[in-house]
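Visitor: My questions all concern the structure below.
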Amino acid sequence: MDLVIQNLGFLAKGAYYTLLITVVSMFFGLVIGLLVALSRLKGNRLFQWIAKCYVSIIRGTPALVQIIIVYYGLVDFGITIGPLTAAFVALSVNVGAFLSETFRGAIQSIPKGQMEAAYATGMTPWQTMRRIILPQATKIAIPPMGNTFIGMLKETSLVSVITVNELLRSAQLLVAQYYVYLPFYLSIAAMYWIMSTVFSSILNSVEKRLSKYD
Amino acid sequence: MIKITNLSKAFGELEVLKDISLQIADQETVVILGPSGSGKSTLLRCLNGLEELTEGSIEVSGLVVDAKDSLKKRKKIIQKIRRNTGMVFQQYNLYPHKTALENVMEALIVVKKMDKREARLKSEEMLGKVGLLDRKDFYPSKLSGGQQQRVAIARALAMEPDVLFFDEPTSALDPELVGEVLRVMRTLAREGMTMIVVTHEMKFAQDVADRVIFMADGCIEEDTKSEVFFSQPSSERAKKFIKQITEHVHGE
Ligand SMILES: Nc1ncnc2c1ncn2[C@@H]1O[C@H](COP(=O)(O)OP(=O)(O)OP(=O)(O)O)[C@@H](O)[C@H]1O
Ligand SMILES: [Mg+2]
């Protein structure tokens, strides 16, 4: 236990990276997810096809493989990026595919009458999407998005393989130094758990705020 | 004025409207009657571009859309027509994430580019007109069906349309709530609003409509003054329809 306390600063730094990767990837994932969902629903054939392939490939391959491809594979194309950047890119692209499916489902679940009512008042398709459909779809998408977010938090541990010093790798480094396993792994488990719980409760309160019109 | 010329509409193989021609003058209240599936909703929806025309043309507020026009041109004109028309739906279709007032304000701000204060005043006036000013801050889920439908009417009215389309505005309502919606519609008719109303409310058709259009199988079977339609319907189908409807009402 003393060892853990001595190295708390080091572990906290790992937790910071875990959090950073989660938040950054989630942010870009949301942007990608929304764009891909809109391409699939409203885009021309080419966009629909690209979006569909993207989702299918990402969902059909392991995240670990995607991370490795981004980090080691891009070098072959003369693109060298740092491990942290690779983590951002790989995980954003990964989570974007899952979020696009969430958004697509949520948008499709809004009754057609909403769109027709807005059109009938003279609103354009884009105005209708932005002001009528998306606000309602977002509310529907929040619970599954929360799950994705928490999944993301745990999935960041995968980027330890490309030497990003996030939480898991921090523990691994300490284990290698001190030859004791349990205290370090138990403490990072606790840290993951705390972060997940905090996220969950934040999302719950957002959800409550958005449900004021039910 | 509204002018429909040789309008046909098909969904794939299914011909829903067959070569319809029709004119409606300003300030007229026209009720469209007909059995289920006869194409009443489709006809209304063609008039504000919620359905594409398969053949023929429509003219609304001096704007003409022809099935032969390019997609781009059709879209542009439809957009303009929608600014000059309003529609009230069977399921109200209020925006659930907006209050009654915000529902009415929405298009004033987004489409008419009114500033917020002006839009609010206008919307309050409209909600007052349908008797719901005291409910302006309620979300739709907190309003009865009749109240929701009246907000929907206020939302359409706020845009100062040349014509209002109603597609079975009272069909989703509990019987005791029908009256409050019809009352608003009667007032509008009296004030000279041009209205096309698809409904099964025979009393409304008899009392308020200037004219009844009876549709069957995608064709206009009858198009007469409302008194004439109910007292001396000429086609067999219209006779049968009137009989069924009145029996249905009495049977309840
Ligand atoms: N989007 C669509 N795709 C395919 N068929 C459709 C579509 N909309 C309507 N139809 C068909 O067109 C026909 C006419 O429909 P419409 O809704 O205009 O009838 P209606 O007279 O309004 O009937 P109701 O009294 O039941 O509302 C029906 O057979 C219907 O099934
Ligand atoms: Mg109908």
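Visitor: Rounded to the nearest 20 Debye, what is the dipole magnitude of the protein assembly as shown about its Cα centre when Lys and Arg each give +1 and Asp and Glu each give -1 at the C-beta?
Guide: Details: 53 positive and 46 negative charges, 254 e Å.
Computed charge dipole of the protein assembly as shown: roughly 1220 debye.
Visitor: While we're on this one: Amide H of residue B:163: which non-local residues (sequence gap of 5 or more, or other chain) have their own amide H closer than 5 Å, using H built in the peptide plane?
Guide: B:86
Visitor: Oh, and also: Using a Gaussian network for chain B with springs between C-alpha atoms less than 10 Å apart, which of these wobbles most: B:141, B:38, B:231?
Guide: Judging by the Gaussian network model, the answer is B:231.
Visitor: Then there's this: Under 5 Å between amide hydrogens, which residues at least 5 positions from residue B:221 or on another chain qualify, with H placed 1.01 Å from N in the peptide plane?
Guide: B:214, B:215, B:216
Visitor: Step through the residues of the stretch A:134-151 one at a time and calculate ³J(HN,Hα) from phi using the Karplus curve (6.51 cos²θ - 1.76 cosθ + 1.60, θ = phi - 60°), rounding each to whole Hz and writing x for Gly and Pro.
Guide: These are the phi-based 3J(HN,Hα) values: 4, x, 6, 5, 4, 4, 5, 7, 4, x, x, 5, x, 5, 4, 4, 6, x Hz.
Visitor: Also, I was wondering about something else. What shape does the stretch B:2-249 have by the C-alpha gyration tensor, where a ≥ b ≥ c are the square roots of the eigenvalues, rounded means a/c under 1.5, and otherwise prolate means a/b greater than b/c and oblate the rest?
Guide: On the way: a/c = 1.96, a/b = 1.24, b/c = 1.58.
Cα axes put the stretch B:2-249 in the oblate bin.
Visitor: In degrees between 0 and 90, to the nearest 10, how far off the longest principal axis of chain A does helix A:167-178 point, with axes built from Cα atoms?
Guide: Tilt of helix A:167-178: around 10 degrees.
Visitor: Please report how far the C-alpha centroid of the stretch B:51-100 lies from that of the stretch B:197-249, rounded to the nearest whole angstrom.
Guide: 26 Å
Visitor: Considering only the other residues whose Cβ falls under 15 Å of the Cβ of residue A:23, what net charge follows from Lys and Arg at +1 and Asp and Glu at -1?
Guide: Around residue A:23, the charge tally is -1.
Visitor: Carbon and sulfur: what percent of chain A's accessible surface (1.4 Å probe)? If you can, show how the numbers build up before the last one.
Guide: Values: 7650 of 11150 Å².
Solvent-exposed carbon and sulfur of chain A make up 69 percent of the total.
Visitor: Which residue fluctuates most in the GNM of chain B (Cα springs below 10 Å): B:130, B:197, B:64?
Guide: B:64
Visitor: DSSP loop trypsin sites (Lys or Arg not before Pro) in the stretch B:45-130 with at most 14 other Cβ atoms within 10 Å of their Cβ, which ones?
Guide: Answer by residue number: B:68, B:113.
Visitor: Scan the stretch B:40-101 for GluC sites (Glu not before Pro) in coil per DSSP, keeping those whose Cβ has at most 15 other Cβ atoms within 10 Å, and list them by number. If you can, show how the numbers build up before the last one.
Guide: Details: sites: B:51, B:52, B:55, B:59; in loops: B:51, B:52.
Answer by residue number: B:52.
Visitor: Still on this structure: Beyond 27 Å, what share of the Cα-Cα pairs of the protein assembly as shown remains, rounded to the nearest whole percent? Kindly include the intermediate steps, with their values, before the conclusion.
Guide: Values: 69719 of 108345 pairs.
In whole percent, the share of Cα-Cα pairs in the protein assembly as shown beyond 27 Å is 64.
Visitor: Give me, ordered by chain and number, the residues 5 or more places off residue B:16 or on other chains with an amide H under 5 Å from its own placed amide H.
Guide: It is B:9, B:10, B:11, by chain and number.
Visitor: Quick one: net charge of residue A:202's neighbours, Cβ under 15 Å, K/R +1, D/E -1? Don't skip to the end; give the middle numbers.
Guide: Values: positive: A:208, A:209; negative: A:207.
Net of charged neighbours comes to +1.
Visitor: Rounded to whole Å and sorted largest first, what semi-axes of the equivalent ellipsoid does the C-alpha gyration tensor of chain A yield via the square root of 5 times each eigenvalue?
Guide: Values: eigenvalues 291, 100, 23 Å².
In descending order, the three semi-axes are 38, 22, 11 Å.
Visitor: Top mean-square fluctuation among A:137, A:120, A:97, Gaussian network model of chain A, C-alpha springs under 10 Å?
Guide: Of A:137, A:120, A:97, the Gaussian network model singles out A:120 as fluctuating most.
Visitor: Can I ask one more? Starting from 0 in steps of 10 Å, tell me what percent of the Cα-Cα pairs of the stretch B:96-137 lands in each bin.
Guide: Final binned percentages: 34, 55, 10.
Visitor: Then there is this: Please report the net charge: other residues with Cβ closer than 10 Å to the Cβ of residue B:128, K and R +1, D and E -1. Walk me through the numbers on the way to the answer.
Guide: Details: positive: B:129, B:136; negative: B:124, B:125, B:134.
Value of the local net charge: -1.
Visitor: To continue, here is another question. Could you run the Karplus curve 6.51 cos²θ - 1.76 cosθ + 1.60 with θ = phi - 60° over the stretch B:106-114 and give me ³J(HN,Hα) per residue in whole Hz, x for Gly and Pro?
Guide: 3, 6, 4, 6, 7, 8, 8, 6, 5
Visitor: While we're on this one: List, by residue number, every residue in the stretch B:121-149 with a reduction of 20 Å² or greater in accessible area between the chain on its own and the complete protein assembly, 1.4 Å probe.
Guide: The answer is B:139, B:141, B:142.
Visitor: Give me a comma-separated list of calculated 3J(HN,Hα) values for the stretch A:76-90, in order, Karplus coefficients 6.51, -1.76, 1.60 applied at θ = phi - 60°, integers in Hz, x for any Gly or Pro.
Guide: Karplus values, whole Hz, x for Gly and Pro: 4, 9, x, 9, 10, 10, x, x, 5, 4, 4, 4, 4, 4, 4.
The values are calculated or read from the model by the stated rules, or taken from the named source; none is laboratory data. Computed from a predicted structure; not experimentally measured. Cβ sites come from the backbone with ideal geometry, for glycine too, and all protein chains shown count toward neighbours. For accessibility, only protein heavy atoms count, side chains too; no ligands or nucleic acids. Shrake-Rupley method; radii C 1.70, N 1.55, O 1.52, S 1.80 Å.
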